[in-house]
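In what follows, a single structure is set out as structure tokens and then discussed.
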Amino acid sequence: GDGNPDVREWPLVELKDLVSSAPNSLRSGPFGSDLLHSEFVDEGVAVLGIDNAVENRFSWKGRRFITHEKYNELKRYTVRPGDVLITIMATIGRSAVVPADIGPAINSKHLAAITLDQSKANPAFISFSIHSDERVIHQLFARSRGAIMSGLNLSLIKEVKLRLPPIDVQEHFCQALSRIERDKALATESLHQSEALFGSLLQGAFSGSLGR
């Protein structure tokens, strides 16, 4: 942030400058008749959507799948471990990193997926910048389009600018962020356990069994 005196010395880069040179490294999901809701099945290859990134961290909600045969038709939309996901329709600008254990999966039309050149950019740092850097957020919302609902396209995403610190600074930041997220998860679990214990004590008090 601006509180760091080094910020102004970091280069201002566009997201397209950080994308891997591998084919199809910046993509949105299949549109229209390429993938219909009627083609979802109970198990198979996962289809990622807004719900997987809306909390600004990757999470599994209601799962959607396609058959392996359908996946073979849509392989160009495959997401890879370490890809950065960005919500581009309805709820825009939320972001998450695809976990290492994702398995075969594609992204839906509601997401953009970016495969980064990780010698330049740490996926967790870029994802955090997308959903938490006020300058990036301003660009995303200023560029959003749509008469009925906000939306982004790949051309707009490519042009988003951000300050890019050296890769070792990015990695140091992400290590600190990981520790914070771990502590938050532990605190949340402790709170849930305390609430469960409190509920049990209340039940015992009202039933008259407390202290027996």
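The values are calculated or read from the model by the stated rules, or taken from the named source; none is laboratory data. Predicted model, so just to flag it, every value in this text is computed and none were measured. So basically every Cβ, Gly included, is an ideal-geometry build from the backbone, and we count neighbours across all protein chains shown. Areas reflect the complete protein model, heavy atoms only, side chains present, ligands, DNA and RNA absent. Shrake-Rupley method; radii C 1.70, N 1.55, O 1.52, S 1.80 Å.
Between Ser200 and Thr91, the modelled labels are 3.3 nm apart [label points 7 Å from Cα along Cα→Cβ]. Hydrophobic long helices, here whole DSSP H runs in the chain with Kyte-Doolittle means of at least -0.5 and Cα atoms spread over 15 Å or more along the helix axis, are found at 167-207. On the chain, 54 percent of the accessible area sits on carbon and sulfur atoms, based on a 1.4 Å probe. Taking the Cα centre of region 1-129 as origin and assigning +1 to Lys and Arg Cβ atoms and -1 to Asp and Glu Cβ atoms, the resulting dipole is close to 140 debye.
Per residue, region 15-117 exposes 46 Å² of solvent-accessible protein surface, assessed with a 1.4 angstrom probe and all protein chains in place.
Along the axis of the charge dipole computed for the chain (Cβ charges of +1 for Lys and Arg, -1 for Asp and Glu, origin at the Cα centre), the listed residues Leu35, Ala113, His172 are led at the positive end by Leu35. Three principal axis extents describe the C-alpha atoms of region 26-71; from largest down they are 30, 25, 16 Å. Antiparallel DSSP bridges in the chain: what percent, to the nearest 5? The answer is about 85 percent antiparallel.
In terms of the Cα gyration tensor, with a ≥ b ≥ c the square roots of its eigenvalues, is region 1-84 rounded because a/c is under 1.5, prolate because a/b exceeds b/c, or oblate? Taking the square roots of the gyration eigenvalues as a ≥ b ≥ c, region 1-84 is prolate. Estimated at the nearest 10 Å², the accessible area of Lys161 is 80 Å² with a 1.4 Å probe.
Modelled spin-label separation between Leu177 and Ser38, with each label point placed 7 Å from Cα along the Cα-to-Cβ direction: 4.2 nm. In terms of its alpha-carbon gyration tensor, the chain comes out oblate; a/c meets the 1.5 threshold, while b/c is at least as large as a/b. Taking the chain as the region of interest, the number of lysine pairs whose Cα atoms are within less than 23 Å, with members eight or more places apart or on different chains, is 15.
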